[in-house]
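The values are calculated or read from the model by the stated rules, or taken from the named source; none is laboratory data. Everything quoted here is computed from the prediction, not taken from an experiment. FYI the Cβ positions are ideal-geometry reconstructions off the backbone, even for glycines, and counts take in every protein chain you see. These accessible areas exclude ligands, DNA and RNA; they are computed on the full protein's heavy atoms, side chains included. Shrake-Rupley method; radii C 1.70, N 1.55, O 1.52, S 1.80 Å.
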Amino acid sequence: MARDLFVIRHAKSDWSFDVSDFDRPLNTRGFTDAPKIAERLKAYATKPELLVSSPAKRALTTAQLFASQLEIPIGAIQTDARIYEALPATLLKVIGEFDDRYHSVALFGHNPGLTLLINYLTDEQIYNLPPCGLVHIRFDSADNWASISGGLGSQLWFTYPKQEA
C-alpha cells in the first residue's frame, strides 16, 4: 500500500523578538498563511492522518494551525526534537520510525533540511521550499515507512502562499 508524506515548512516567522532561534514565533503573515495552506490541504484528495513537528515554536505553531483546520486534535500532534535543524539523513531516520498504521503523515520542519529532503526523495530540483510551502510525496511501493529512501517518491503537489504585490 502506498505511503503519502506531506512535507511542510513552518510559516513565516518573526525576527523582531529577542529570543533564541528555537523560540522564534510566527509573524502576522505566518498566522495568515498557515490557515490558508491548511484549507487547501483540507480540500485536497489525500489528507494526513498524523502530524509530526519540530518542537521549535514556529514549526509547532504551524502544525497546530493546520490541525485546527484539518479537525485533528492539537494534542495528537507528535513532536520530535531531531527535526529541528535536521538534514536529510536525520529526517529519514525520523520518517523511518513513523508508525506503520498511518499511511499519510505530515512532517513540519525547517530549511534547508526540508528542501534537501524533497529533492533527495523525489529526484526533483526544488530550489527552495518557501515558508508554509507544502509538498505531497507519494511512495507507491512502500510497504512501511522504514523502506523509504532516495528517489522512490513522486511529487504530486507543491503549493505555497503567493506573495502579494
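Would a scan of the stretch 49-66 turn up a residue that is in contact (Cβ under 8 Å) with a residue 60 or more places away in the chain, outside any loop (DSSP other than H, G, I, E, B) and in contact with a strand residue (DSSP E or B) (Cβ under 6 Å, 6 or more places away or on another chain)?
Yes, the conditions are met somewhere in the stretch 49-66.
Under the condition of being closer than 14 Å to LEU5 by Cα and among the polar types (S, T, N, Q), which residue from the stretch 123-158 is surrounded by the most Cβ atoms within 10 Å (Cβ to Cβ)?
Per the stated criteria, the residue is GLN155.
Out of all the residues in the stretch 69-99, which are touching a residue at least 40 places away in the same chain (Cβ under 8 Å), farther than 27 Å from LYS42 by Cβ and either open to solvent by 50 Å² or more (accessible area, probe 1.4 Å) or hydrophobic (A, V, I, L, M, F, W, C) (or both)?
Answer for the stretch 69-99, where residues must be touching a residue at least 40 places away in the same chain (Cβ under 8 Å), farther than 27 Å from LYS42 by Cβ and either open to solvent by 50 Å² or more (accessible area, probe 1.4 Å) or hydrophobic (A, V, I, L, M, F, W, C) (or both): just LEU92.
Please pick out the residue among TYR84, TYR120 that is aromatic (Phe, Trp, Tyr), more than 14 Å from ASP4 (Cβ to Cβ), touching a Leu at 6+ places or on another chain (Cβ under 9 Å) and modelled with pLDDT of 95 or more.
TYR120
So the check is Cβ under 6 Å with 6+ separation or different chains; which pairs have a first residue in the stretch 1-14 that's in contact (Cβ under 8 Å) with a residue 60 or more places away in the chain and in a loop (DSSP other than H, G, I, E, B) and a second one that's of a type in the set (Asp, Glu) and surrounded by fewer than 21 Cβ atoms within 10 Å (Cβ to Cβ)?
Final answer for the pair search is ALA2/ASP140.
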